[in-house]
1. Looking only at region 31-58, which residues have a backbone nitrogen under 20 Å from a spot 7 Å from the Cα of His149 in the C-beta direction?
2. Collect residues whose amide H, placed 1.01 Å from N in the peptide plane, falls under 5 Å from the amide H of Ile98; neighbours closer than 5 in sequence don't count.
3. Put a dot 7 Å past each Cα toward the Cβ at Arg74 and Glu99; how far apart are the dots in nm?
4. Residue by residue through region 35-47, what is 3J(HN,Hα) from phi via Karplus (6.51 cos²θ - 1.76 cosθ + 1.60, θ = phi - 60°)? Round to whole Hz and write x for glycine and proline.
5. Would you work out the relative contact order for region 56-177, in percent, from Cα pairs under 8 angstrom that are 6 or more residues apart?
6. Check region 40-177 and count each lysine pair with an alpha-carbon distance under 25 angstrom, considering only pairs eight or more places apart or from different chains.
7. Counting only residues 5 or more places away or on other chains, whose amide H sits under 5 Å from the amide H of Asp119 once H atoms are built in the peptide plane?
8. Please work out the Cα center distance from region 34-76 to region 153-171, rounded to the nearest Å.
Amino acid sequence: MRNNFAVMICGLIALSLAGGVQAQSGHAPHTHGEGELSIVLDGSLLTIDVSLPGADVVGFEHKAKHEEDINKVRNAMASLLAADKLFQFQNSAACEAIEAKAKSSLIEGDEDHDHGHGDFDAEYAFRCASPSEIGELTVKLFEIFPSLHELHVVLVTGSTQSATTLKPNENIIRFVN
């Protein structure tokens with residue numbers, strides 16, 4: 001799903017915007033209430049990568065061992081896979097979700113479970129028949145996960161590179177044509 005060039009560009013922009021902490025660790029600092037969104041528009045393909053703290057998605061960050069916690073994680077994963085409910089485009093752009101993946105270090109191996117801070121990561125791909133018509137993208141993650149209060153966004157298109165912060169009452173990303 002990922003275009004190596006697009007991933008590299010997002011990474012470089014994120015490093016330049018966030019400063020030394022990411023450069024040293026390779027990951028953004030884990031802060032409750034704050035998530036990350038990387039968006040790349042390459043021709044008609046729009047990809048979105050999301051990283052959210054487990055505490056804001058399911059209310060805990062430890063490995064899910066009990067059935068109740070496991071079900072919370074599974075339900076959150078199902079919510080994260082509903083790409084069309086999480087991201088809404090201008091109708092004239094005719095964007096269709098073609099892929100959605102989600103994972104969480106709360107139920108999968110230890111490789112991503114860093115110092116007790118479990119996360120959720122998701123990747124999405126949309127094919128847009130008229131990418132120049134996108135105009136804006138409404139992000140519904142705040143409605144699905146109300147504990148979130150900020151999303152740090154990096155946007156890369158063929159003509160722009162930008163960064164912004166979304167909040168529950170400011171959840172629209174504007175694309176510059």
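Derivation of every value follows stated rules applied to the coordinates shown; laboratory data play no part. Remember, predicted model here, so these are calculated numbers, not experimental data. FYI the Cβ positions are ideal-geometry reconstructions off the backbone, even for glycines, and counts take in every protein chain you see.
1. What the label zone holds, given the 20 Å backbone N cut-off, is 31-37, 51-58.
2. Ala125, Phe126, Arg127
3. Once both label points are built, they end up 2.6 nm from each other.
4. x, 10, 9, 10, 10, 10, 10, 10, x, 8, 9, 10, 10
5. Relative contact order here is 25 percent.
6. Lysine pairs meeting both conditions in region 40-177 amount to 19.
7. Correct list: Gly54, Ser105, Leu106.
8. Cα centroid to Cα centroid, the span is 19 Å.
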